[in-house]
Amino acid sequence: AQKVTQAQTEISVVEKEDVTLDCVYETRDTTYYLFWYKQPPSGELVFLIRRNSFDEQNEISGRYSWNFQKSTSSFNFTITASQVVDSAVYFCALQGGKLIFGQGTELSVKP
Amino acid sequence: DTEVTQTPKHLVMGMTNKKSLKCEQHMGHRAMYWYKQKAKKPPELMFVYSYEKLSINESVPSRFSPECPNSSLLNLHLHALQPEDSALYLCASSQDQGFNEKLFFGSGTQLSVL
C-alpha cells in the first residue's frame with residue numbers, strides 16, 4: 001500500500017524563524033515521484049518541487065530547501081527565514097500510479 | 001499563460017438543482033483532472049481525462065457527470081447533490097498523464113449544497 005504521512009497538522013512560527021515540514025512515505029515501488037504543493041488561502045495548489053526516487057540530491061531554491069532520504073523514506077521541506085506570505089497548507093504527495101497526498105501541514109507565520 | 005481558470009468561484013445549489021462547473025486551460029495540456037477537497041483534508045481524485053477521453057473514474061456517484069468537450073475545457077455537471085457533497089472542487093491539468101507530471105491547479109469552486 002502507498003501512504004504519505006505528514007505528522008505535523010499545524011505549525012505556528014514567528015517571521016524570520018526557520019521551519020521544517022516533515023513528510024514520510026511508504027511504497028513498494030522502486031520508481032516513484034515525490035512532490036510538494038502549497039495551498040494558500042486563495043485555494044489553488046501550487047507546485048513547489050518534484051523529485052524522482054533515483055535522485056537523492058538535496059535541492060535549494062531561494063529560501064526553500066528539500067531533504068530527500070530514501071533510507072528513512074522521508075522528503076522534508078525547510079523554509080529558511082520564514083515570511084508571512086509563507087502561511088499556507090503544504091501537501092507532500094507520492095506518485096506511483098496515482099497521486100497520493102498527505103494530510104497536509106498548516107503553516108502559520110506571524111509577524 | 002500558465003493558468004487554470006475555474007468558474008464559478010462560489011456556487012450554492014439546492015438538492016434538486018442542476019448546475020455545471022467549468023474549467024479551462026490554454027497550456028496545451030492533454031490531461032485534465034477533477035478533485036474534491038473537504039475542509040482541512042487533502043484533495044481527493046474524482047476523474048481524469050487524457051486526450052479528451054475519460055481514463056479514470058474513482059467510483060464517483062453518478063450525480064457527478066464529467067465532460068471534456070475539447071482539449072482545453074473540462075466540465076463537471078451536477079445533479080441531485082447531497083449536502084455532504086459540499087466541498088471545494090478543484091480542476092487541474094498536466095502535460096500528459098504520466099506519473100512524473102506536475103499538476104497545475106485552478107483556485108476551485110466552493111460548492112454549498114442546501
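Nothing in this text is a laboratory measurement; each read-out follows from the coordinates by a stated rule. It should be emphasised that the depicted structure is a prediction, and the values quoted were computed from it without experimental measurement. Every residue, glycine among them, receives a Cβ derived from its backbone with ideal geometry; neighbour counts consider all protein chains shown.
P(r) tail for the protein assembly as shown: Cα pairs beyond 31 Å make up 23% of the total. The amide H of A:GLU17, built 1.01 Å from its N in the peptide plane, has A:SER82 as neighbours under 5 Å, considering only residues 5 or more places off or on other chains. Fully extending the segment from A:VAL85 to A:ASN52, taken as 0.36 nm per residue of separation minus the present Cα-Cα distance, adds 9.1 nm. When cysteine pairs in chain B are screened for C-beta atoms closer than 4.7 angstrom, the residues that find no partner are B:CYS68. Residue by residue along B:34-40, Cβ atoms of other protein chains within 10 Å of the local Cβ number 2 on average.
Alpha carbon centre of segment B:9-88 versus segment A:1-77: separation in Å? Measuring centre to centre over Cα atoms gives 27 Å.
Shielding value for A:45-53 is 3, the average number of Cβ atoms from other chains within 10 Å of each residue's Cβ.
Using bins of 10 Å that start at zero, the share of Cα-Cα pairs per bin across chain A amounts to 15, 50, 29, 6, 0, in whole %.
Both radii were evaluated on the Cα set of segment B:24-100; the Rg over Rh quotient, with Rh as the Kirkwood radius, amounts to 0.96. Estimated from the Cβ-Cβ distance and a Förster radius of 25 angstrom, the FRET efficiency linking A:LYS98 and A:THR78 is about 0.35. Computed from backbone phi with θ = phi - 60° and the Karplus coefficients 6.51, -1.76 and 1.60, the 3J(HN,Hα) list for segment A:3-8 is 7, 10, 10, 10, 5, 8 Hz; x is used for glycine and proline.
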